[in-house]
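Beneath this line is the structure, given in structure tokens, with notes to follow.
The values are calculated or read from the model by the stated rules, or taken from the named source; none is laboratory data. Everything numeric in this text was worked out from a predicted model, so none of it was measured. Neighbour counts run over all protein chains shown; Cβ positions are idealised from the backbone, glycine included. Side chains included, ligands, DNA and RNA excluded: accessible areas come from the protein's heavy atoms. Shrake-Rupley method; radii C 1.70, N 1.55, O 1.52, S 1.80 Å.
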Amino acid sequence: MKIDVLLGLQWGDEGKGKIVDVLTPNYNIIARFQGGPNAGHTLFFNEHKYTLHLIPSGIFRPGTINIIGNGVVLDPVIFSEEIKKLSETGHDLTKNLLIARKAHLILPTHRILDAASEKSKGDSKIGSTLKGIGPAYMDKTGRNGLRVGDIFTPGFKEKYTFLKNKHLKMLELYDFEYDVEKYEKEWFEGIETIKTFESIDCEHYIAKALSEGKKILAEGAQGTMLDIDYGSYPFVTSSNTVCAGACTGLGVSPKHIGEVYGIFKAYATRVGSGPFPTELFDETGKQIRDIGNEYGSTTGRERRCGWLDLPALKYAVFINGVTQLIMMKSDVLNSFEKIKIAVAYEKNGKVIDYIPFETDVELTPIYKEFEGWKNNSTTTKFEELPAELINYITYIEKELQIPIKIISYGPDRTQTLFR
Ligand code: GDP
Ligand code: IMO
Ligand code: MG
């Protein structure tokens with residue numbers, strides 16, 4: 001058996017949570033492989049909305065095992081808040097949620113360092129979600145981090161204090177006020193909550209599951225253009241959001257990767273700073289935001305909105321080895337007369353069809369215009385979609401050379417068309 005991977009092809013918030021939930025009945029295991037509580041994955045069913053930050057989006061389907069993989073950075077406070085909220089709505093997760101021992105912990109001081117670092121950057125800030133993601137991954141790669149497995153060892157409190165003190169020294173570099181104790185009590189309570197869940201060696205667990213013929217879906221967080229290596233550095237997150245991240249984040253060899261589902265919106269959004277060539281500052285951008293309800297699921301910030309960016313999408317398809325595409329939010333464009341796709345950019349008077357290295361250079365998009373579909377179609381048959389929408393989809397498929405297998409036309413589970 002192989003493990004399928006679902007990941008975002010844009011700047012996050014493509015609708016990963018919805019589609020993982022939709023696909024979960026085809027899988028035995030759903031496993032998050034990177035990121036942390038910076039993610040906000042929204043699911044909609046039975047007239048209820050759920051937003052998940054750390055917990056995989058397969059959690060609502062009975063009988064499915066959900067794994068927080070070792071590539072994830074886990075904040076015990078946010079984790080236990082999420083568990084509590086779900087248990088209030090009748091979801092007991094202690095049986096079907098497993099946590100990788102090698103996953104790193106986000107400490108209260110990681111969050112403070114994140115905020116202090118962002119403040120010190122002024123106008124050049126990343127626009128971080130301030131969840132401590134960057135500092136936690138820094139400690140991981142710097143070989144100072146604390147892992148879930150450590151919480152069961154006798155010296156854990158001392159290790160925690162050692163690392164905290166190091167962070168307090170670092171905080172002296174910043175002009176930033178903070179209160180560690182405020183977070184600490186609930187952080188240690190969160191550690192106790194984590195202890196009530198089974199922790200696993202993710203790599204062995206998954207290898208065994210595959211050998212038993214179990215079907216596994218790896219759930220990405222963020223999106224390709226926020227990848228630490230391939231995104232618009234430094235305006236990125238601190239993990240590998242691309243397909244290779246599923247190998248390291250779960251302990252799976254590349255030869256075990258099966259389908260790679262690449263998910264994108266019919267337009268584009270970005271939250272936080274950084275280049276976004278097709279961003280619309282006009283009424284159209286506002287209309288997309290209003291109709292698409294484009295506000296961050298984690299921070300509530302306004303998402304920047306714009307047209308689909310084909311060079312960026314092509315790059316994402318290439319870097320991930322996407323085998324199937326999923327297009328989201330086609331309904332948001334229902335009322336538009338004309339719809340555009342950027343096919344190239346003009347940079348210093350020259351036309352280019354790739355993303356340049358520099359993030360501070362002005363790129364003027366060159367657009368291809370499409371007729372709007374002006375139709376609130378809710379059909380689940382592709383052939384019955386409006387001709388203009390079929391034309392839009394066919395154009396993207398031809399350009400990317402990958403089939404669009406799923407089209408989403410509303411936030412609810414049921415508002416999904418399969419081809
Ligand atoms: P994720 O981070 O990739 O899981 O995406 P988010 O949940 O942050 O953002 C996607 C938003 O779009 C959520 O509010 C979803 O409920 C919503 N959504 C998902 N698919 C569709 C769709 O096809 N149409 C509309 N209108 N909303 C959708
Ligand atoms: P999901 O999984 C959209 C953005 C932040 C910021 C940058 C770095 O819901 O798609 P970080 O907190 O990681 O230091 O922030 O990345 N960002 C996201 N944008 N969706 C996300 O997750 C994001 N997670 C981080 O806005 O620009
Ligand atoms: Mg999101």
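How high is the relative contact order of the range 104-241, in percent, with contacts defined as C-alpha pairs under 8 Å that are six or more residues apart?
Reported as a whole number, the value is 25 percent.
Looking at the range 358-419, what % of the alpha carbon pairs are farther apart than 13 Å?
Beyond 13 Å sits 70 percent of the P(r) for the range 358-419.
Could you work out what % of the accessible surface of the range 1-56 is carbon and sulfur, using a 1.4 angstrom probe and leaving DNA, RNA and ligands out of the count?
Using a 1.4 Å probe with all protein chains present, the range 1-56 comes out at 43 percent carbon and sulfur.
Taking springs between alpha-carbon atoms closer than 10 angstrom, which of D290, D309, D282 fluctuates most in the Gaussian network model of the chain?
Among D290, D309, D282, the largest GNM mean-square fluctuation belongs to D282.
Choose one answer from S238, S253, S87: the residue with the largest mean-square fluctuation in a GNM of the chain with alpha-carbon springs under 10 Å.
The residue with the greatest mean-square fluctuation here is S87.
Can you tell me the 0 to 90 degree angle between the C-alpha axis of helix 202-211 and the longest principal axis of the chain, rounded to 10?
It works out to around 60 degrees.
Which of G145, G40, G71 ends up with the largest GNM mean-square fluctuation for the chain, with Cα atoms connected below 10 Å?
Its mean-square fluctuation being the largest, the pick is G145.
Provide Rg over Rh for the range 261-302; use the alpha carbon set for both Rg and the Kirkwood Rh (inverse mean inverse pair distance).
When Rh is taken as the Kirkwood radius, the ratio is 0.95.
With a 1.4 Å probe and all protein chains left in place, how much accessible area per residue does the range 230-302 have, in Å²?
39
Describe numerically, in nm with one decimal, the distance between label points set 7 Å from Cα along Cα→Cβ at D360 and at K159.
The two pseudo-label positions are separated by 4.1 nm.
Can you give the Rg to Rh ratio for the range 128-195, taking only C-alpha atoms and Rh from Kirkwood?
That ratio equals 0.95.
Relative contact order (percent) for the chain, with alpha-carbon contacts under 8 angstrom and 6 or more residues of separation?
21
May I ask what percent, to the nearest 5, of DSSP beta bridges between residues of the chain are antiparallel?
40
With all distinct Cα pairs included, what does the Kirkwood hydrodynamic radius of the range 1-42 come out to in Å, to one decimal, could you say?
Across the range 1-42, the inverse of the average 1/r is 11.4 Å.
Considering only DSSP states other than H, G, I, E and B, which trypsin sites (Lys or Arg not before Pro) in the range 248-348 qualify as loop sites with at most 15 other Cβ atoms within 10 Å?
Those satisfying the criteria are R301.
So what does the Cα-only Debye profile of the range 228-284 read at q = 0.17, 0.22 Å⁻¹, as log10 I(q)/I(0), no solvent term?
The computed values of log10 I(q)/I(0) come out as -0.75, -1.01.
Give me Rg over Rh for the chain, both radii from the alpha carbons and Rh done the Kirkwood way, two decimal places.
My calculation puts Rg/Rh at 0.97.
Considering amide H positions built from the backbone, and no H for Pro or chain starts, which residues 5 or more places from A218, or on another chain, come under 5 Å of its amide H?
So A218 has HN proximity to D4, V5, L6, A31.
Ignoring ligands, DNA and RNA, what accessible area per residue does the range 1-131 give at 1.4 Å, in Å²?
Here the residues of the range 1-131 average 33 Å² of exposed surface.
Tell me the carbon and sulfur percent of the accessible area for the range 296-419, rounded to whole percent, probe radius 1.4 Å.
The nonpolar share, carbon plus sulfur, comes to 49 percent.
Using the scaling law 2.2 N^0.38 Å as the reference, what is the normalised Cα Rg of the range 21-143?
1.14
Calculate the translational D of the range 263-419 in whole µm² s⁻¹ from Stokes-Einstein, where the hydrodynamic radius comes from the Kirkwood formula applied to all Cα pairs, the temperature is 10 °C and the viscosity 1.306 mPa s.
97
Show me, for the range 109-121, the HN-Hα J-couplings you get by feeding each phi into the Karplus relation (A = 6.51, B = -1.76, C = 1.60, θ = phi - 60°), rounded to Hz, glycine and proline as x.
6, 5, 5, 5, 4, 4, 5, 5, 5, 4, 4, 5, 7
At 222 nm, what value in deg cm²/dmol follows for the chain if DSSP H runs of at least 4 each add -39500 (n - 2.57) and the sum is divided by all its residues, to the nearest 500?
It comes out at -9500 deg cm²/dmol, rounded to the nearest 500.
Using Cα pairs under 8 angstrom and six or more residues apart, how large is the relative contact order of the range 13-141, in percent?
This gives 23 percent for the range 13-141.
How far is helix 310-320 tilted off the main Cα axis of the chain, in degrees rounded to 10, range 0 to 90?
In the chain, helix 310-320 runs at an angle near 50 degrees to the longest axis.
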